[in-house]
Number of protein chains: 2
Amino acid sequence: MGEGLRERKKRETRLRISDIATGMFVARGFDNVTVAEVARAADVSVNTVFNYFATKEDLLLDRAPEVEELLARVFRERRPGESVLEAVRRDLLDALDTGHYRYGFHEADDAFVRMVESSPSLSARVREMNEARERKLAEAIAGELGTGPGDLTPALVAAQIGATIRTIVGHAVRRMLAGESVGAIAPDLRRQAEHAFGLLETGIGGYCVRPETPEGPRA
Amino acid sequence: MGEGLRERKKRETRLRISDIATGMFVARGFDNVTVAEVARAADVSVNTVFNYFATKEDLLLDRAPEVEELLARVFRERRPGESVLEAVRRDLLDALDTGHYRYGFHEADDAFVRMVESSPSLSARVREMNEARERKLAEAIAGELGTGPGDLTPALVAAQIGATIRTIVGHAVRRMLAGESVGAIAPDLRRQAEHAFGLLETGIGGYCVRPETPEGPRA
DNA sequence: ACTAATTTTTAAGTGACTGCAAAAATTTCC
DNA sequence: GGAAATTTTTGCAGTCACTTAAAAATTAGT
């Protein structure tokens, strides 16, 4: 069967609407652009927009699933002998060093961050994504350890790791918005991050270490 | 001058609207009650409602400030020789034992919790309140220690404590909504909470201990 | 080309929320 | 006690996100 014309057009339309919307939002601010304007710019009706995207926020955060999966993926792909915490720390520091955007400190994306922060509804959505990200990490941990819903530890560890990341990233974003370039604050940020994870490590550092042998996990 | 008729009536009107709205929301669900209906029930115009409350959500969460101040207050009023973490743990366990609602596990308020959970906008507001609560705790800690904005530790500790509380309370709420009575789960909840704070303690337990002498704080 | 399934559009409405100006209530001043 | 100034309340018109139902256009299968 492959992919018919219909499905290709749908994919294209969806992507076009999302792209056009994102551009307009970044340029003029999320709250200063109406869905009607996006629809007009994308040459579709308003209802078509809502046909593809459940809410206005979804126009922008279309790749939310990736973000929400990030921590769980990092956990699952962690190296032998590496704990949850160590894996996340390594990945975050790596993102910081290579300037990758996956945790939120984008090179020169002031505009994007500023737009998100300026819109209450978008900020709310980001909080939702953070929650989902922590929940998925907790599920991944619980799944691998085989713990039941009565054991809160996976959820606790996930929430604490999430809290740490949010604090670090929030700090970085605040300084970026204050005018400092990512390059200038990167070294200090690295130190802060190491210190932050250090705080956690003594408490939960040894939790759920991936075993050397590719078999079952160890508590 | 004291308090004139005008100010008293304002206070009364505000309270009356909020009370009536809360009752309607709990009875029929937040999203199933329109602001217009609340206005009619309170015998005022819709504009008057919005004159007192910025958003529909504010009608319900009028005492949000208390909730947001809670952790900071517990921290400030902690006992001599008590760390931030110890103070919060003591207060939360106390609330659990005495059945106080301040952390969210209300005696028989299924209806209230259920209503909040069923409304996305209310859940979003709760997340905002959690964030504010952690921020205020962080500010209180930083203020007492005299640390600058460059030191992330207060924010990290506050976020981790917040994460722990949210996880515990979330667990309790989930079981409550599943039909278990608060009394039945209280002992288990207590164990869970102790375990949860234990996780944190090894890491940050000694942070910011209140000194025996009623003078400056100690790190 | 015809029919059935699917997508898009049109049309009409709901509900939160805003801005403005008139009306009503309250306080102040005399 | 009454006019004037002030504040509160209200009515009205409008914006915007979002919903629902039914026409209209497009595509798929034969």
- Among the candidates B:Leu70, B:Leu85, single out the residue that is away from DNA strand C (no atom under 15 Å from the Cβ), modelled with pLDDT of 95 or more and in contact with an Asp or Glu (Cβ under 9 Å, 6 or more places away or on another chain). B:Leu70
- Residues located in region A:108-141, provided they are within 16 Å of the chain's Cα centre (by Cα) and of a type in the set (Asp, Glu): A:Asp109, A:Glu117, A:Glu128, A:Glu131, A:Glu134
- Message: of a type in the set (Asp, Glu), within 13 Å of chain A (Cβ to nearest Cβ) and open to solvent by 10 Å² or more (accessible area, probe 1.4 Å): which single residue out of B:Glu144, B:Glu128 fits that description?
- Response: B:Glu128
- Which one of the conditions (1) more than 16 Å from DNA strand C (Cβ to nearest atom); (2) over 21 Å from A:Thr167 (Cβ atoms); (3) touching a Phe, Trp or Tyr at 6+ places or on another chain (Cβ under 9 Å) does A:Glu57 fail to meet, given that it meets all the rest? (1)
- Item | Candidate set: region B:1-14, residues that are open to solvent by less than 100 Å² (accessible area, probe 1.4 Å) and in a helix (DSSP H, G or I); chosen: the one modelled with the lowest pLDDT | B:Glu12
- State yes or no: is A:Thr153 of a type in the set (Ser, Thr, Tyr), within 14 Å of chain B (Cβ to nearest Cβ) and in contact with a His (Cβ under 8 Å, 6 or more places away or on another chain)? yes
- Residue hits (region B:18-35; more than 13 Å from DNA strand C (Cβ to nearest atom) and either surrounded by 14 or more Cβ atoms within 10 Å (Cβ to Cβ) or in a loop (DSSP other than H, G, I, E, B) (or both)) are B:Ser18, B:Ile20, B:Thr22, B:Val26
- Among the residues of region A:15-43, write down those that are in contact with a helix residue (DSSP H, G or I) (Cβ under 7 Å, 6 or more places away or on another chain) and over 19 Å from A:Ser119 (Cα atoms). A:Arg16, A:Ile17, A:Ala39, A:Ala41, A:Ala42
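The values are calculated or read from the model by the stated rules, or taken from the named source; none is laboratory data. No experiment lies behind these values; they were computed from the predicted model shown. As a convention, Cβ positions derive from the backbone with ideal geometry for all residues, glycine included, and neighbour counts pool all protein chains shown. With ligands, DNA and RNA removed, areas are computed over all heavy atoms of the protein, side chains included. Shrake-Rupley method; radii C 1.70, N 1.55, O 1.52, S 1.80 Å.
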